[in-house]
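**Student:** Got a structure for you, questions after.
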Amino acid sequence: MSSISIKFLRRIGRLGFTPYILCAPAIIILVFFFLFPAVMLLSVSFFKYLPPGTAIGKMYEPTFTLENYMRFFKSAYLDGYLWPTIKVMVTSTIIALILSYPVAYSIARSPPRKRKILTAITIAALLVGPVVRVYSWLVILSRDGIINNFISLLGFNKIEFLGTDLGVIIGTTQFLLAFLIFSLSGSIQNINPSYEDAARSLGANEIYTFIKITLPLSLPGISSAVLLGLTLSATMFETPMVLGQGIVEMLANLVFTEISFLNFPFASVASVMLLAITLTISYGVNYLLQAKIKVR
Amino acid sequence: MAVTKIFDVELVGVTKTFGKVKAVDDMSLGIKPKEFMTLLGPSGCGKTTALRCIAGLEKHDKGDIFIKGQLVNDVPPYRRNIGLVFQDYAIFPHMTIFENLAFGLKIRKVDKEEINERAKKYLELVRLPGYEERYASQLSGGERQRIALARSLIIEPTLLLLDEPLSNLDLKLRVQMRVELATMQREVGITTLYVTHDQGEAMAMSDRIAVMDHGRIKQVGTPTEIYNFPQDKFVADFIGEANIFSGKILERNETEIKISTDSDLTLFALPAEEELKGSVYVSVRPEAIKLYKQRPPLKNAFGGSIEAIEYLGSYVKCHICLNNNQKVVAHILYTKQVPDYFSPGKKIYVGWEHEDCTLINR
């Protein structure tokens, strides 16, 4: 890993200013449309909220206050939004990772033609619009949906998916699958199959080969897939809105609600919290996984 | 199928197809105990597939593979106890050299002390003592190659398979390693199957060579047999260089065989031991062809002119066009007179002895 970045830095040194010029457009766009709004967001979260009618044409007053944060931490917001967000993020990423790894592995180890077809199918899953996708799940998961009809046919009690964590997690996991499969299969493909052949010739059966060779060598891929899964699931909005039925809500839904009440400072607090937990969890996971990656 | 005790490894009619391509086609081969056998052939001739079938990494469609007299068709690779060295070495990058060496031993439940001892012993064998704590990324190509060899030998396998292990090394190291590899093989005394497309490696290292083309074995023999008595046009052409004339046998008696080539040359060869049909190929090695200023007193002597000359250090490669437009190549040892006598455009004679003509059935 580090040798690659050292080589990269050396190359930059040789190229002079060219890399900076090439990066400039992206950096300018990021500064204006990401960094600047992010700073704005952070500062607004410390501003005083003016309820409608208090001052004409003003939604907040630029004086420093912690009352927005106090409100967030002292009331039911932690249990109502923060905790469900973390729960959905972590569970659906873990489930999606477990489900997508075997698929990604078989794609990566397929002959080129088959690999192209399987990859195309994976991409096709991404082409379904978010609204169509989430309403399809509504049809499948509702009380009179396909699954519950089948379950009651077998004589079991119906399962409540809508308005529960389970429903939101199912929807989110499915959304993540295509991304994770895509990201994992790329990195598994980079693992030289002769490592696995070598292990088998040395006496390792399939399971031992997987645990000792394939899995450790795919840790970099797993690490980036997990980061992708966490960041994508953190910003879930339409899935909890439709499948959560207003009972299970995530931070993105809180932001939406507060903005519709024109409470920009509190919406900013929710956004800052979303950013904070995403960064914290991602950093933590990355730290743990990177420590395990021994490939130099 | 009869299995003889002579062979450590025996392939009987092994066939492996990929889609429509027959990668290995009805291959039968026996490797004797402690023998260094080489599968030699151009890339894509099926030699690596054959090796992978023996290792069990590829499942053959037809035929039987025996290792030490035991039928292994349905034995998974991890139970065949075969040492395998890959072209790209496949040293596990997330493990130290010691962990790499210990990998196969831990599976075999060898106790810790013995693992340490054996790791030390095999690192000494491959002349890399003290390399236990390094990673593959810290080693050079040649060092990785030796570690791969040590890792495959440390499990004390019944058979060692090497898949073009030297092809990723630079020329000098390659030549040096092939001597070392052959020495180590003899030191350990392990039955070895070596796969390569490099005839130099095959000739230098092997007890016997099996020449392969299009999934089939063309000839099996010692390096000298293969070089001096090719039984097949492909073998004659692939091993070393050869001038190959196609022709018909005109006359044969107790002292010689007279052949007329399609290009209207009349060649004379010694009577052959094997059965010959009417149509034959005549193979003449370039180093057997000598150049003369005057017509030599040989029956195989023809006039021609030099077209081009390549100086290749110790010898000179002459491209000659005979008077009937037949092209031949001759290798002559470099002497100081060479540039004066033999330069492009010069009229010369070429000649060779009866015994230099090898006859191959068409």
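The values are calculated or read from the model by the stated rules, or taken from the named source; none is laboratory data. Given the structure is predicted, the values throughout are model-derived calculations rather than measurements. When we count neighbours, we look across all protein chains shown, and the Cβ atoms used for this are built from the backbone with ideal geometry, even at glycine.
**Student:** Might you check whether a residue that is within 14 Å of another protein chain (Cβ to nearest Cβ), of a type in the set (S, T, N, Q) and under 26 Å from A:LYS116 (Cβ atoms) occurs anywhere in segment A:224-246? Please lay out each step first, then the result.
**Tutor:** Pass one, segment A:224-246, residues within 14 Å of another protein chain (Cβ to nearest Cβ): none.
The answer is no; no qualifying residue exists.
**Student:** Here's something else I'd like to know. Looking only at segment B:187-208, filter to residues that are in contact (Cβ under 8 Å) with a residue 40 or more places away in the chain and exposed (fewer than 15 other Cβ atoms within 10 Å of the Cβ); which one of those is farthest from B:GLY30 (Cα to Cα)?
**Tutor:** Here the residue is B:GLU187.
**Student:** Run down A:LEU127, A:LEU97 and say which single residue is free of Cβ contacts under 8 Å to residues at least 12 places away in the same chain and not small (Gly, Ala, Ser).
**Tutor:** Going through A:LEU127, A:LEU97 in turn, the sole match is A:LEU127.
**Student:** Among what's in segment A:276-296 and is in a helix (DSSP H, G or I) and among the hydrophobic types (A, V, I, L, M, F, W, C), pick the residue that is farthest from the other protein chains (Cβ to nearest Cβ). Let's see the steps before the verdict.
**Tutor:** Start the filter on segment A:276-296 by keeping residues that are in a helix (DSSP H, G or I), which leaves A:276-292.
Filter again for among the hydrophobic types (A, V, I, L, M, F, W, C), leaving A:276-277, A:279, A:281, A:285, A:288-289, A:291.
Values: A:ALA276: 33, A:ILE277: 31, A:LEU279: 28, A:ILE281: 25, A:VAL285: 19, A:LEU288: 16, A:LEU289: 13, A:ALA291: 13 Å.
Per the criteria, the residue is A:ALA276.
**Student:** Do we have any residue at all in segment A:259-275 that's more than 14 Å from chain B (Cβ to nearest Cβ), farther than 22 Å from A:TYR49 by Cβ and not basic (Lys, Arg)? I'd like the intermediate steps shown before the answer.
**Tutor:** Keep residues of segment A:259-275 that are more than 14 Å from chain B (Cβ to nearest Cβ), which gives A:259-275.
Narrowing the set further to residues that are farther than 22 Å from A:TYR49 by Cβ leaves none.
No, segment A:259-275 has no match at all.
**Student:** What number of residues within segment B:57-95 satisfy the criterion of being farther than 20 Å from B:TYR194 by Cβ, of a type outside the set (Phe, Trp, Tyr) and at the interface with chain A (Cβ under 10 Å from one of its Cβ atoms)?
**Tutor:** The total comes to 5.
**Student:** Is it true that some residue in segment A:103-116 is modelled with pLDDT under 90 and assigned to a loop (DSSP other than H, G, I, E, B)?
**Tutor:** The answer is no, given that none of the residues of segment A:103-116 is modelled with pLDDT under 90 and assigned to a loop (DSSP other than H, G, I, E, B).
**Student:** Conditions first: (1) touching a residue at least 40 places away in the same chain (Cβ under 8 Å); (2) under 20 Å from A:ARG71 (Cβ atoms). A:ALA267 passes all but one, so which condition is the exception?
**Tutor:** Only one criterion is unmet by A:ALA267, namely (1).
**Student:** Among the numbered criteria (1) touching a helix residue (DSSP H, G or I) at 6+ places or on another chain (Cβ under 7 Å); (2) under 25 Å from A:ILE191 (Cβ atoms), which single criterion is violated by B:GLN87?
**Tutor:** Of everything listed in (1) touching a helix residue (DSSP H, G or I) at 6+ places or on another chain (Cβ under 7 Å); (2) under 25 Å from A:ILE191 (Cβ atoms), B:GLN87 misses just condition (1).
**Student:** Also, I was wondering about something else. Consider segment B:51-110. How many of its residues are among the hydroxyl-bearing types (Ser, Thr, Tyr) and within 22 Å of B:GLY30 (Cβ to Cβ)?
**Tutor:** So the first thing to find is which residues in segment B:51-110 are among the hydroxyl-bearing types (Ser, Thr, Tyr), and the list is B:78, B:89, B:96.
Now drop any that are not within 22 Å of B:GLY30 (Cβ to Cβ), which leaves none.
Here the count works out to 0.
**Student:** Return yes when A:ILE121 is loosely packed, with under 14 Cβ neighbours inside 10 Å, at pLDDT 90 or above, assigned to a helix (DSSP H, G or I) and in the same structural domain as A:GLY244 (by TED's automatic domain parsing) and no when it is not. Don't jump to the end; show me each part of the working.
**Tutor:** Details: loosely packed, with under 14 Cβ neighbours inside 10 Å: yes; at pLDDT 90 or above: yes; assigned to a helix (DSSP H, G or I): yes; in the same structural domain as A:GLY244 (by TED's automatic domain parsing): yes.
Answer is yes for this residue.
**Student:** Shifting gears a bit: Taking the stated definitions as given, is B:ILE54 under 17 Å from B:VAL14 (Cα atoms), within 12 Å of chain A (Cβ to nearest Cβ) and either part of a strand (DSSP E or B) or in contact (Cβ under 8 Å) with a residue 60 or more places away in the chain (or both)? Spell out the reasoning first.
**Tutor:** Details: under 17 Å from B:VAL14 (Cα atoms): yes; within 12 Å of chain A (Cβ to nearest Cβ): yes; either part of a strand (DSSP E or B) or in contact (Cβ under 8 Å) with a residue 60 or more places away in the chain (or both): yes.
Criteria met by B:ILE54.
**Student:** So, one more: Can you tell me which residue among B:ILE97, B:ILE82 is farther than 28 Å from B:GLU35 by Cα, of a type in the set (Val, Ile, Thr) and touching a helix residue (DSSP H, G or I) at 6+ places or on another chain (Cβ under 7 Å)?
**Tutor:** Numbers: B:ILE82 fails: farther than 28 Å from B:GLU35 by Cα.
When all the criteria are applied, what remains is B:ILE97.
**Student:** Among the residues of segment A:78-108 satisfying the criterion of being in contact with an Asp or Glu (Cβ under 9 Å, 6 or more places away or on another chain) and of a type outside the set (Val, Ile, Thr), which is surrounded by the most Cβ atoms within 10 Å (Cβ to Cβ)?
**Tutor:** A:TYR81
**Student:** Still on this model: List the helices (runs of 4 or more DSSP H) inside segment A:142-211, counting only whole elements, that have at least 2 residues being of a type in the set (Gly, Ala, Ser) and touching a residue at least 24 places away in the same chain (Cβ under 8 Å). Even if it seems obvious, please write down each step before you answer.
**Tutor:** Values: elements: A:146-153, A:165-189, A:193-201, A:206-209.
Because the criterion is at least 2 residues that are of a type in the set (Gly, Ala, Ser) and touching a residue at least 24 places away in the same chain (Cβ under 8 Å), the helices (runs of 4 or more DSSP H) in segment A:142-211 that meet it are A:165-189.
**Student:** Taking only pairs six or more apart or across chains, which ones have beta-carbon atoms under 6 Å, a first residue in segment B:292-305 that is assigned to a strand (DSSP E or B), and a second residue that is basic (Lys, Arg)?
**Tutor:** These pairs meet every condition: B:ALA301/B:ARG295; B:SER305/B:LYS347.
**Student:** Filter segment B:65-119 for residues that are among the polar types (S, T, N, Q) and without any contact (Cβ under 8 Å) to a residue 12 or more places away in the chain; which is surrounded by the most Cβ atoms within 10 Å (Cβ to Cβ)?
**Tutor:** Narrowing segment B:65-119 to residues among the polar types (S, T, N, Q): B:70, B:73, B:81, B:87, B:96, B:100, B:116.
Then drop every residue that is not without any contact (Cβ under 8 Å) to a residue 12 or more places away in the chain, which leaves B:70, B:116.
Numbers: B:GLN70: 11, B:ASN116: 15.
My answer is B:ASN116.
**Student:** Confirm whether B:ILE155 is closer than 27 Å to B:LYS68 by Cβ, in a helix (DSSP H, G or I), within 14 Å of chain A (Cβ to nearest Cβ) and not aromatic (Phe, Trp, Tyr). Working first, answer last.
**Tutor:** Details: closer than 27 Å to B:LYS68 by Cβ: yes; in a helix (DSSP H, G or I): no; within 14 Å of chain A (Cβ to nearest Cβ): yes; not aromatic (Phe, Trp, Tyr): yes.
So B:ILE155 fails the test.
**Student:** On the given criteria, is A:ALA252 within 18 Å of A:PHE175 (Cβ to Cβ) and not charged (D, E, K, R)? Outline the logic, then answer.
**Tutor:** Working: within 18 Å of A:PHE175 (Cβ to Cβ): yes; not charged (D, E, K, R): yes.
Criteria met by A:ALA252.
**Student:** Collect the residues in segment B:129-145 that are in contact (Cβ under 8 Å) with a residue 24 or more places away in the chain and not in a strand (DSSP E or B), keeping them in residue-number order. Write out each step before concluding.
**Tutor:** Narrowing segment B:129-145 to residues in contact (Cβ under 8 Å) with a residue 24 or more places away in the chain: B:131-137, B:139, B:141-142, B:144-145.
Scanning segment B:129-145 gives B:TYR131, B:GLU132, B:GLU133, B:ARG134, B:ALA136, B:SER137, B:LEU139, B:GLY141, B:GLY142, B:ARG144, B:GLN145.
**Student:** With the condition kept exactly as written, say whether any residue in segment A:44-64 is among the polar types (S, T, N, Q), free of Cβ contacts under 8 Å to residues at least 60 places away in the same chain, surrounded by fewer than 16 Cβ atoms within 10 Å (Cβ to Cβ) and outside any loop (DSSP other than H, G, I, E, B).
**Tutor:** no
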